[in-house]
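Participant: Quick one: the structure is below, questions incoming.
The values are calculated or read from the model by the stated rules, or taken from the named source; none is laboratory data. As the structure is a computational prediction, the values presented were derived from the model and not from experiment. Cβ coordinates were reconstructed from backbone atoms using ideal geometry, including for glycine residues, and neighbour counts include every protein chain displayed.
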Amino acid sequence: MTQVCIAAYVYGVVQGVGFRYNTQHKATALGLTGYARNLDDGSVEVVACGEKETVEQLMEWLKSGGPRSARVERVLVEPRGVGDYKGFSIRY
C-alpha cells in the first residue's frame, strides 16, 4: 500500500467552532496520522498521512465543509514528505 502525506489549508469560519477537534476525530477514525493547528491568518492547517485512499476521504470531508459548525470557503492542498507522526494530534 502507498503511504502519502498532504498538507491542507482550510479557509473560512474554521476557528473557534471545534474544527480541529472534529478533524482529529475524523482522521483518527480513518486511521490517519498527522495534526491540525490554527494559523495566525484564521485558517487551519491539516497535515494527514496514511493510505492514499483514506487521505483522500479526509480531503473530501474537508472540502465538503468539515464539521457542521464550520463554514469552509476553500481548501488548498499540497503534497508533503511522508512524516513519522504518532497518531493525529491537535497542535497549538
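Participant: So, residue 21, is that one buried (at least 16 other Cβ atoms within 10 Å of the Cβ) and either closer than 21 Å to residue 71 by Cβ or among the polar types (S, T, N, Q) (or both) or not?
Facilitator: no
Participant: Still on this model: Step by step: first the residues of segment 1-15, then only those that are assigned to a loop (DSSP other than H, G, I, E, B) and at pLDDT 95 or above, then the one that is nearest to residue 66 (Cα to Cα). Which residue is that?
Facilitator: For segment 1-15, the residue satisfying everything is 14.
Participant: Looking at segment 33-74, which of the residues that are more than 10 Å from the chain's Cα centre (by Cα) and among the aliphatic types (A, V, I, L, M) is farthest from residue 19 (Cα to Cα)?
Facilitator: The selected residue is 39.
Participant: Select, from 64, 43, 69, the only residue that is buried (at least 19 other Cβ atoms within 10 Å of the Cβ) and without any contact (Cβ under 8 Å) to a residue 60 or more places away in the chain. Working first, answer last.
Facilitator: Values: 64 fails: buried (at least 19 other Cβ atoms within 10 Å of the Cβ); 69 fails: buried (at least 19 other Cβ atoms within 10 Å of the Cβ).
Testing whether each residue is buried (at least 19 other Cβ atoms within 10 Å of the Cβ) and without any contact (Cβ under 8 Å) to a residue 60 or more places away in the chain leaves just 43.
Participant: For segment 47-92, what are the residues that are part of a strand (DSSP E or B) and touching a Ser or Thr at 6+ places or on another chain (Cβ under 6 Å)?
Facilitator: Hits for segment 47-92 are 49, 88.
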